[in-house]
Every structure is written in structure tokens, then in C-alpha cells.
Amino acid sequence: MGKNTYFTGQPLYAQLLKLIDSQEIARISRKGLHERYVKKLDGYSHFVIMLYAVLMRYDSLREIVIGMLSEANKINHLGIDYMVKRSTLAEANNRRSNEFFEQIYFSLYRKYKNDLADSRTDKAWERLLHIMDSTTITLFSNVLKGVGRNPKHGKKKGGIKVHTVLKAEEGVPYNIHFTSAATHDHVMLTKLKLTSGAFIAMDRAYIDYKVFQELTDNGVFYVTKMKKSLRYTPLNGHFLVNKDGLVVLSDHMIELKKDDITHVSRRIEYWEEKKKYSSVLLTNNFELEPEEIIAIYLRRWQIESLFKQLKQNFPLRYFFGESVNAIKTQIWVTLIANLGTIHNSV
């Protein structure tokens, strides 16, 4: 590879742009009236510049502008006819609604989701499995409320929490919601809409008896890790099945109560050899073998890998604006870049 690692010299950037329909982006921009408050920089140019900045891992608006200037003779083929200024880009990040970039993400997701589906799945539940989790991005300024107590010296940093839901067979989020870092995870559980027969795997931060009962009534199966402090009443015998190489220690029905809510669940305890301790799962599915319930929960590695991949490949350490809109805009563009990268690797 030559010294030029920008537009034409960076294969990844060129590949991602081939996935983008500029006419579709223009339609989204006109439909949402996203051009109303940003006169100098149209939606497509704004998106292309932000995608370039994310892929190049730039840390500031100044770096973006300098990088664009150094490649001034190579940007016409991208459909950009305006050399952006720092003040113009800052204004666009603050004033063009992040919903514009959100719509671009979901437009690409709908277009390419069939390409992402894994045809190698051999379990019936794998095509019905949804995975939910969140990741927190620390902000230097307290634009959004951070999590935890204030440190002894000064105030805690702000933070934004990205709640995501993905299908196991696709591996990319189809449901994304932003909140302050201080917002509890289970807020996303109330927004979840799943069809009968679906499975949802999540960690113990989402335990909510009322929602669990609603999922059960709707025919949706959950699998989550049990909190150590959770109190319950056994409904049948506690039995050990750890024989012939099996790792399951117990499997029985329990009753959970809180206020006026009573929920019947299934408690499965199993031994994790690598970690040298046992873990306990809760589920409302009483039909599958315990090994399959454990396998469903362990598929949560997909969403954890996604967060790790995002933070390694597109580190969100610095933001090109301090407004909530600018921060969300950069996260949406990062998600778009990751979606395109995963699509090209399929």
C-alpha cells in the first residue's frame, strides 16, 4: 500500500461507500426535513465526511478538516463539491438531527439483513433467538448523567448508554436506544416487542417479575442469569444430574414473589469449568433440555463481541461536538461503519 491511506487509498472506505445509495440518503434527508437548519452542508456530504472521520479515527474537527484539505483533489468522485470548514461541520453536527443518521442505519439494515443471516444454524431456537444488552460510553463533559457516585475530587464524567437488541443469526443490532449512563438497563425490556415463540437472552440487570410474566403470557421465552440475592420458593424437588460428563447441577421450578406479582420460573444451576464456579439461570421455558437453555444463555457472547469490536475498531474516546445530538450522530455513524464492515466480511 502506498503512502496515501485516505479516500482512494483505503479499500475499506471505498467498499463501504459502494453499499451506500446516495439517492436513498437524499430521499431520507428531504423526507425528514433534515436540510432545513443546515444550508451549507447537505445530508449526503455530511454523512460521507463523518464516515471518513470515524474510519480514520480522528479525534477532533480540526483533524477532519485538515485531512479533507490534504485530499481536496480526490473528493469529487464521492459526490462532495464543498470543502467543509470546521465551524460548518460543528454546526451540522449540532443542528442536523441524529434521526437522519438513524434512518440511514436502518435503511442499510433492512437492505442487507438477509445477507447477514447465518444459514449454518441447526437448532430451531437459533433462528428465534434475540440477545439484549447495553454498553456505556464515557463522556468528558457531563452532558448526559454519568453512573455511580461522584469521585472525591471533582464531579464524575458524563456517560451515554447504548441499549441494543440483535438477532443471533444476524449479529448486528436491529433495535437501538440511547439513554444517560445512569438509566437502569431494564428500561429497554419494557420497549421490547417480540412475537410468540421467540427467545430473548439477557443478563441479570434486566430481571423484572412483571415483565417476565407479560413475556410468559405472550408466549415469549426469556433466559437470564439469576441474582445471588434473589429469594424464591422451590416448587418441586432439587435434584442433581451431574453425571456422565454433564455440567448441570440442578433443574427445578421455583416461585418468585414481589409485591402483588407472582411468577413461576425454572432455575438451572450449572458448573463452569473454566471459571471454577457454578452459575444459575432463570427461564420460563420448561420444555428444552437444560443443556440447550445453557447454550442459549452462552450465545450472549455475540453482543459482548459486538461491543468489543465497536470499541476496538472505532474507539469512541473523543466526540466532534458536546451536544447530545452531536454525540448520538457520531455513534450512529460508527454503527453504520460497523454494519458495512460486517457485511463485507460475510
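Between N236 and R317, what is the FRET efficiency for a Förster distance of 45 Å, r being their Cβ-Cβ separation, to the nearest 0.05? Efficiency at R0 = 45 Å is approximately 0.30.
N114: net charge of surrounding residues, Cβ under 14 Å, Lys/Arg +1, Asp/Glu -1, itself excluded? Walk me through the numbers before you get to the answer.
Values: positive: R110, K111, K113, R127, K167; negative: D115, D118, E169, E170.
Around N114, the surrounding residues sum to +1.
Does the stretch 16-67 come out rounded, prolate or oblate, given a ≥ b ≥ c as the square roots of the eigenvalues of its C-alpha gyration tensor, rounded meaning a/c under 1.5 and, failing that, prolate meaning a/b above b/c? Cα axes put the stretch 16-67 in the oblate bin. Here the Karplus curve 6.51 cos²θ - 1.76 cosθ + 1.60, taken at θ = phi - 60°, turns the phi angles of the stretch 91-108 into couplings of 5, 5, 5, 7, 9, 6, 4, 5, 5, 4, 6, 4, 5, 5, 4, 6, 5, 5 Hz, with x standing for Gly and Pro.
The stretch between D203 and E63, if pulled fully straight at 0.36 nm per residue, gains 46.5 nm over its current Cα-Cα span.
As a size descriptor, the averaged projected area of the C-alpha convex hull of the stretch 239-346 was calculated at 12.0 nm². Put simply, the amide H of L235, placed in the peptide plane, has neighbours under 5 Å in M253, I254, E255, leaving out anything fewer than 5 places away on its chain. Only Lys, Arg, Asp and Glu carry charge here, each on its Cβ (+1 for the first two, -1 for the last two); on that basis the stretch 243-346 has a dipole of about 600 debye about its Cα centre. Applied to the stretch 320-327, the Karplus parametrisation 6.51 cos²θ - 1.76 cosθ + 1.60 on θ = phi - 60° returns per-residue 3J(HN,Hα) values of 8, x, 9, 7, 4, 5, 5, 5 Hz, with x for Gly and Pro.
Bear in mind that the values in this text are calculations on the coordinates, not laboratory data. Nothing here was measured: the structure is a model prediction, and the numbers come from that model. Here the Cβ is made from the backbone with ideal geometry for all residues, glycine too, and neighbour counts use every protein chain on show.
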